[in-house]
Structure formats: structure tokens, C-alpha cells
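Here the structure comes first, spelled out in C-alpha cells, and everything after it is commentary.
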Amino acid sequence: HNVRELARIAEGAELCVVVKADGYGHGAVEVSRSALGAGATRLAVAQVAEGVQLREAGIEAPILLLSEPPAEDLRAAWANDLTPTLYHLEAVATAQQVVGAGPSGDLTAGPEPWPVLVKVDTGMHRVGAKPDEVERVVGEVEEAPGLELEGLFTPLAVADEPSRPETAAQLVASRRVVSRLAGHGIQPRILHAANSAALLAHPNSRLDMVRAGIAAYGIPPGPQVADMVDLRPAMSVHSVVTHVHVATAGSGVSYGLTHTFDVDTIVAVVPVGYADGIRRD
């Protein structure tokens with residue numbers, strides 16, 4: 001249901017569902033199959049091992065690695081047809097070496113180009129090539145015979161707060177990068193910027209593809225965008241009562257004794273806690 005709703009709002013842009021961290025704890029393989037069946041066309045993960053797990057489960061859809069893999073993981077990424085994100089020149093060179101060496105380590109003739117994406121840091125200041133570095137990184141990808149520039153993307157830092165001006169500024173910075181590349185005759189096939197919040201609150205960020213993470217699981221990406229789409233939580237948590245006793249007036253309960261009972265009170269103990277994601281307070 002959630003993926004269908006998000007695909008409808010995307011209005012023609014491809015929908016990439018993020019299934020990192022075992023599908024946010026929901027089960028990456030199960031989520032991937034459900035998402036692809038409901039209208040998603042691509043998947044995204046954080047680590048090469050996560051993508052390998054999906055391939056071993058028989059999932060054939062394109063899988064994007066959201067951050068640049070460590071050099072030692074690039075061969076596994078290529079062997080499993082994962083789409084890497086690159087933003088360092090050294091990583092571009094290593095990726096080219098991986099393709100040139102082939103699966104056995106021997107040089108191969110005429111391998112299929114490996115599609116890669118370049119990530120641009122337009123203001124989130126976490127990972128990605130700076131805008132003034134992008135042309136050089138993209139140029140190296142374009143010149144590498146074993147690589148193919150499939151796309152360009154940027155993360156948006158505050159899309160879940162629609163009134164803040166930084167999102168518009170990031171999109172402007174992204175368009176400037178694309179314009180400069182076009183001046184060199186380079187036009188990436190896929191441009192994307194929108195996360196779950198931007199998909200809902202910033203229509204001009206949808207571009208060619210959107211990346212939906214938390215919203216696909218039925219959780220609004222922020223309180224200010226919660227009413228923009230009909231989401232249904234994909235997970236519910238169930239437990240049982242394992243102990244019942246009477247707490248006398250004036251006594252406290254559990255760690256911190258943060259609640260004191262005014263009268264004698266029946267207390268039921270449910271075995272679920274902060275290790276399961278339940279806040280102590």
C-alpha cells in the first residue's frame with residue numbers, strides 16, 4: 001500500500017525503495033519483493049553485503065549502493081551487478097581496475113561497462129563530491145573504458161521541514177552542477193535528489209527518480225509532512241503479560257523509579273524494552 005501511494009505521488013519518476021539495515025528491520029528480502037511488486041523499479045542498500053543478500057535471494061532489479069563502497073568490496077559489488085556510488089578519484093580508478101581484471105583476476109576483452117552514479121554534496125556535508133569537484137570525478141568516469149556514468153544524485157538535509165530554505169538552495173546547486181556538465185556534453189541519464197520527505201513536500205525535487213526509505217514502511221518522515229500521504233505502518237509489535245503484582249502506594253516502578261503510585265496499583269509486566277526500541281521514558 002505504501003509503495004503504491006508513493007509511486008502515485010512520484011508521478012512518473014522512478015521509485016527506488018531503500019532496504020538497508022535489513023529493510024529497516026522488516027526483512028530486506030521480503031520488503032524488496034513486496035516493493036517491486038507494488039511499483040518500485042529499483043532498490044537501494046548501504047553495504048555491499050546487503051546487496052549480495054538480495055542477489056542470492058534471486059532479486060534481479062537494479063540495486064544502488066547509497067555510499068561509496070570500501071575498495072576491498074568493489075569486486076563483490078561488480079560481480080553481483082550492484083550499482084556503486086562514487087565520489088573519490090581513487091574509487092573511480094579502483095572500479096576501473098575491477099572491471100578490467102574480470103571475475104577471475106585475468107584481463108578480459110570488451111567487458112560490459114559498469115554503470116555507476118556520482119554523489120554530489122550540495123549541502124548535507126556528509127559524503128559526496130563537492131560541487132567544484134564533480135566535473136573531475138565525472139570526467140574520470142567518462143574516460144574509464146570499463147565504467148559508464150548512469151546518474152548523478154544528492155542527499156537533501158532538511159526536506160522534512162518544508163519551510164526551511166536549504167532544500168531550495170541544494171536543488172539550485174544541483175542544477176548548476178548538471179548545467180556545467182551539460183556544457184561539456186555530459187548528460188547523466190538519471191538525476192535524483194528526493195528522499196521520502198522531499199517526495200512529499202518538494203515536487204520539484206522528484207526529477208528522474210525518488211528514493212523512499214522510512215515512508216515505504218509506513219512511518220512519516222517528519223511531523224510537518226505526516227498528513228501529505230496515506231501511510232500504513234508495515235510492522236506491529238506483539239508481546240504478552242508474564243507477571244502481575246500489586247505495587248503499594250508510594251512505591252516506584254522499574255529503572256529510575258520514574259513513576260510513583262498514589263494508591264495501591266495492579267502492575268502487569270510486559271517483556272519488551274529499550275533493546276526492542278521502546279523508550280525507557
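The values are calculated or read from the model by the stated rules, or taken from the named source; none is laboratory data. The model shown is predicted, which means the values in this text are computed figures rather than measured ones. Every residue, glycine among them, receives a Cβ derived from its backbone with ideal geometry; neighbour counts consider all protein chains shown. Just the protein is used for accessible areas: all its heavy atoms, side chains included, with ligands, DNA and RNA removed. Shrake-Rupley method; radii C 1.70, N 1.55, O 1.52, S 1.80 Å.
Observations on the structure shown:
- Strands (runs of 3 or more DSSP E) wholly inside the stretch 206-281 that include at least 1 residues being open to solvent by 50 Å² or more (accessible area, probe 1.4 Å) and either among the hydroxyl-bearing types (Ser, Thr, Tyr) or out of contact with any helix residue (DSSP H, G or I) (no Cβ under 6 Å at 6 or more places or on another chain) (or both): 243-247, 265-269
- Within the stretch 115-139, the set of residues being open to solvent by less than 80 Å² (accessible area, probe 1.4 Å), acidic (Asp, Glu) and more than 24 Å from the chain's Cα centre (by Cα) comprises GLU135 only.
- Per-region count, the stretch 21-33, residues free of Cβ contacts under 8 Å to residues at least 60 places away in the same chain, open to solvent by 20 Å² or more (accessible area, probe 1.4 Å) and farther than 10 Å from GLN53 by Cβ: 3
- Checked against (1) open to solvent by less than 70 Å² (accessible area, probe 1.4 Å); (2) under 20 Å from ARG75 (Cα atoms); (3) without any contact (Cβ under 8 Å) to a residue 40 or more places away in the chain, GLY146 meets all criteria but (3).
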